[in-house]
Structures are given as structure tokens and as C-alpha cells.
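*Asks:* Okay, here's the structure, questions in a sec.
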Amino acid sequence: MSHEIGFDRKAEDVGNIIKLEHVNLTVPDQRLATIFYVSGLGLTRDPYLMTGVDNMWINVGDSQFHLPTRSPQVLRGCVGLVIPDRGALLDRLRGVRELLAGSRFDFAEHEDHVDAICPWGNRARCHSPDPDRFGTMTLGMPYVEFQVPRESATAIAEFYREALMAPARVTHSGGESVAVIAVGATQELRFRETGAAPAAYDGHHIQIYVADFSRPYERLKERGLITEESDQHQYRFLHIVDPRDNAIQFTIEHEVRSMRHPLYARPLVNRNPSQSNRAYLPGHDALR
């Protein structure tokens with residue numbers, strides 16, 4: 001026997017891209033990066049991998065920033081973060097201002113977020129936890145937003161639906177069209193149209209995990225888009241194209257991994273940045 005239950009079952013679908021794991025941005029100075037990402041934002045350097053002076057992995061919930069030492073790269077847009085305790089975040093950012101003097105570091109408080117600019121111009125848009133917007137996420141990377149040319153959002157959404165088998169839609173915000181790509185249950189890739197002159201692509205990349213690994217590979221390969229055959233568990237592509245004619249809409253390298261990749265779902269350490277030796281609370285070292 002069946003009867004109408006009134007649930008929207010499609011609302012529970014998460015699509016094929018299941019996780020946005022890291023954003024890779026090269027930096028020329030690991031000390032300044034530590035001041036911004038660890039002391040300022042209150043995030044955590046991974047204690048197990050990349051612990052030398054030539055690279056640093058920064059944990060933010062279940063995602064990361066990867067920060068190899070090279071000439072600086074700047075993401076054309078912003079990285080959305082959920083960080084608890086807005087007041088403490090602002091205090092930390094005020095506290096590092098002098099240490100980052102002479103760089104591009106800055107921060108600004110807005111009604112629903114805090115913009116924090118790294119020493120080389122990368123923007124983190126920091127939100128407080130909000131169940132209506134970010135579900136149960138209390139620390140994490142809910143989205144990465146890119147600035148893309150006008151009249152490209154629809155084609156970008158179609159590309160992700162066709163090539164990556166990801167739910168995608170086009171919305172309108174601030175007078176601009178935005179392609180929104182679902183990543184798992186709590187993350188998104190956003191592509192916001194802008195009339196500003198596009199900045200040159202400098203090689204930064206994002207890394208995603210997909211459930212169906214082979215069909216996107218075949219669809220990308222048919223279009224001549226695969227740029228690296230990394231290993232059994234990973235490949236890369238560079239261009240987002242219009243599925244109708246293969247015209248390039250935007251360039252951002254995607255490091256695509258399967259769920260069999262050895263690093264998939266590796267537990268990440270996230271410290272409680274409010275802990276100090278002067279006001280120490282036993283049992284509160286980690287953020288939960």
C-alpha cells in the first residue's frame with residue numbers, strides 16, 4: 001500500500017562531486033602565511049603532512065588550503081569559510097595587522113561576513129555558523145566563488161551537469177548571474193558573472209572527489225580536456241567549456257580524485273584557537 005507523503009526526495013540528492021577537499025595557492029613566504037592563516041584566521045597547520053618550510057597544509061574543518069612555496073598565486077574570487085566566534089576572529093585579525101604591515105593584508109566587517117585579505121591578495125569570506133545556510137558546519141569551507149565573464153554562467157552550469165554529472169543551477173544575486181554547482185551535501189562551487197576585466201590565470205587549482213570517476217574522465221577525454229594522467233586514482237583538467245561547441249568559458253585546474261584515493265576522508269586535526277597557556281581549559285584543545 002502506498003500513499004502521498006509530501007517529501008521532496010530530489011532535495012536529498014548530492015550529485016557526483018562529493019567533496020571539495022582543497023584549494024591550492026602558492027605563497028612566497030611561509031612565515032607570513034602562518035601569521036595570516038594560523039594566527040589570524042585561527043586555522044590549523046596539518047601536523048602530519050607537509051611539515052617542512054617548502055609547503056604547508058592548513059586544515060579548515062574537513063577541507064584544506066595547500067600553500068607551496070613559490071611566486072604568489074591569487075584566486076579570482078574568494079574562498080568561503082565558516083569560522084566560529086566572529087568576535088574572536090576580529091580580535092585575531094587586529095592582532096596580526098602590525099606583523100603583516102607592508103603586505104596586501106586587510107580585513108573588513110560586513111553584516112553577514114568578515115572579509116579577510118591574505119598578504120598576497122587572496123580573499124577569505126568568513127561566515128559565522130548558520131544552520132539555514134551551512135547546515136551543521138561549524139568550521140569548514142562551504143564554497144569557492146570565482147569571477148567569470150558575462151554570459152558564461154549558463155554554459156558553466158551545463159558543463160558540470162554534462163561532464164561531471166553534478167547538480168547545477170543558475171541563480172541571480174547582486175544583479176549578476178551565478179552558476180551554483182552542488183558539491184556533496186554542504187559545499188558549492190560558485191561562478192559569478194562580472195563585467196570587470198578578467199585577471200590572468202596564474203595556475204592555482206582546486207581538488208574535488210567524485211563518486212563516479214570513470215564516466216567524467218571519458219567525457220572530458222572525448223573533448224580533449226584531460227591535461228594530466230596523474231595516477232590510478234587521479235587526473236586533472238584545466239578548462240570549463242560550453243558543451244555545445246567546446247568554447248572555453250573559464251580556466252581553473254581541477255584535480256579530480258576517486259574515493260579510492262589513499263587521502264580520501266583522512267581525519268584532519270582542528271585546534272581550538274581560543275586556547276592559551278595563560279587561560280587553559282583541559283579537554284578543550286580541539287574544535288568539535
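*Asks:* Which whole number of Å³ per residue matches the convex hull of the alpha-carbon atoms in the range 166-273? It would help to have the intermediate numbers written out before the result.
*Replies:* Details: hull volume 18.8 nm³, N = 108.
So the per-residue hull volume is 174 Å³.
*Asks:* Taking the chain as a Gaussian network, where each spring joins two C-alpha atoms under 10 Å apart, which residue of Glu188, Glu229, Glu111 fluctuates the most?
*Replies:* Glu111
*Asks:* Oh, and also: Within the range 19-99, what percent of beta bridges assigned by DSSP are antiparallel, to the nearest 5?
*Replies:* 60
*Asks:* Rounded to a whole number, what % of the accessible area of the chain do carbon and sulfur atoms account for, probe 1.4 Å?
*Replies:* On the way: 7170 of 14380 Å².
On the chain, the fraction of accessible area on carbon and sulfur atoms equals 50 percent.
*Asks:* Treating only the Cβ atoms of Lys and Arg (+1) and Asp and Glu (-1) as charged, compute the dipole magnitude of the chain about its Cα centre; round to the nearest 20 debye.
*Replies:* Details: 32 positive and 38 negative charges, 116 e Å.
Charge dipole of the chain: 560 debye, to the nearest 20.
*Asks:* Hey, can you find the accessible area per residue of the chain for me, probe 1.4 Å, expressed in square angstrom?
*Replies:* About 50 Å² of surface per residue is accessible.
*Asks:* Please grab the % of Cα pairs in the chain that end up more than 37 Å from each other.
*Replies:* Working: 5922 of 41328 pairs.
The calculated P(r) of the chain puts 14 percent of pairs beyond 37 Å.
*Asks:* Another question, if that's okay. Tell me, what is the percent relative contact order of the range 232-288, built from C-alpha pairs under 8 Å that lie six or more residues apart?
*Replies:* Values: 55 pairs, mean separation 15.1, N = 57.
The value is 26 percent.
*Asks:* Given Cα pairs under 8 Å that are at least 6 residues apart, what percent is the relative contact order of the chain? Each step should come with its number before you reach the end.
*Replies:* Values: 596 pairs, mean separation 56.7, N = 288.
Relative contact order comes out at 20 percent.
*Asks:* OK, next. What does the net charge come to around Gly174 if you take all other residues with beta carbon closer than 11 Å to its beta carbon, with K and R at +1 and D and E at -1? Please list the in-between numbers first.
*Replies:* On the way: positive: Arg192; negative: Glu176, Glu193.
Net of charged neighbours comes to -1.
The values are calculated or read from the model by the stated rules, or taken from the named source; none is laboratory data. Just so we're clear, the structure is a prediction, and the values are computed from it rather than from any experiment. Backbone-built Cβ (ideal geometry, glycine too); neighbour counts: all protein chains shown. Remember, those area values only see protein heavy atoms, side chains included, never the ligands or the DNA or RNA. Shrake-Rupley method; radii C 1.70, N 1.55, O 1.52, S 1.80 Å.
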